[in-house]
Amino acid sequence: MVVNHANFRRRQRPGRKGMYSLPPGVHRRRTTTLLWSEYGLTDRLQFGLAVPYVFRTFQDREAGIDDRGQGIGDVWLYGKYRIVSERQIRPAISTDVWLKTCTGKRDRGLGNGKLDVRLTAEISKRIQDFSFHLNPGYTFTGGSHSKIGKAAWF
């Protein structure tokens, strides 16, 4: 099991034509602690589970809004298959399929209430004491970001 921690503080918001600065007095923050577990079914196939615990705040001092939420976010399940093993001159290559469940409470901003699917590749190479990784991927988000609301902004 692995525990990861991430803290995001937004100074901008997305709009139809790009990113816009948040007005003065508006503050967004999302801190996530992630409990991660993986199990190797074979030497090439593994499954995993990522359970986030989210702390979220949104403040707009001028409007008198102080909206906070905390709890379990949307849980991710995934499967990874190693296509090519690392050799002396070539990197290892794997593919992943991720499924984001709807476990985070949308009304508290802990999830978006939609099922997401992410397809990724993992290309990794170890050279002496260094490990290099490239992880291209694409996420198919269930629902429109303009309708999902504040959960889609993180």
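Read the figures in this text as sums done on the coordinates, not as results from a lab. Just so you know, these numbers come straight off a predicted model, no measurement behind them. Backbone-built Cβ (ideal geometry, glycine too); neighbour counts: all protein chains shown.
How would the range 48-124 be classified by its alpha-carbon gyration tensor: rounded, prolate or oblate, with rounded meaning a/c under 1.5 and the a/b versus b/c comparison settling the rest? Verdict is prolate for the range 48-124. Other residues within the sphere of radius under 15 Å centred on the Cβ of VAL97, judged by their own Cβ, net out at +1 (K and R +1, D and E -1). Can you tell me the FRET efficiency between SER37 and ASP67 if r is taken as the Cβ-Cβ distance and R0 is 41 Å, rounded to the nearest 0.05? In this case the efficiency is close to 0.85. Taking amide H atoms as placed 1.01 Å from N in the peptide plane, the amide H of LEU115 lies under 5 Å from those of GLY142, each 5 or more residues away in sequence or on another chain. Partners of LYS114 within straight-line reach, counting aspartates and glutamates whose Cα lies under 12 Å from its Cα and excluding those fewer than 8 residues away in the same chain: ASP74. Here the range 83-120 is scanned for amide nitrogen atoms under 13 Å from the site 7 Å beyond the Cα of TYR138 along Cα-to-Cβ, giving 117-120. Label zone (ILE83, point 7 Å along Cα-to-C-beta; backbone nitrogen cut-off 17 Å) within the range 38-53: 44-46. Cross-link reach is defined here as a Cα-Cα straight distance under 20 Å, omitting same-chain residues fewer than 8 places apart; for LYS125 the aspartates and glutamates meeting it are ASP43, GLU86, ASP96. Counted by Cβ distance under 11 Å from HIS133, the other residues give a net charge of +1, where Lys and Arg count +1 and Asp and Glu count -1.
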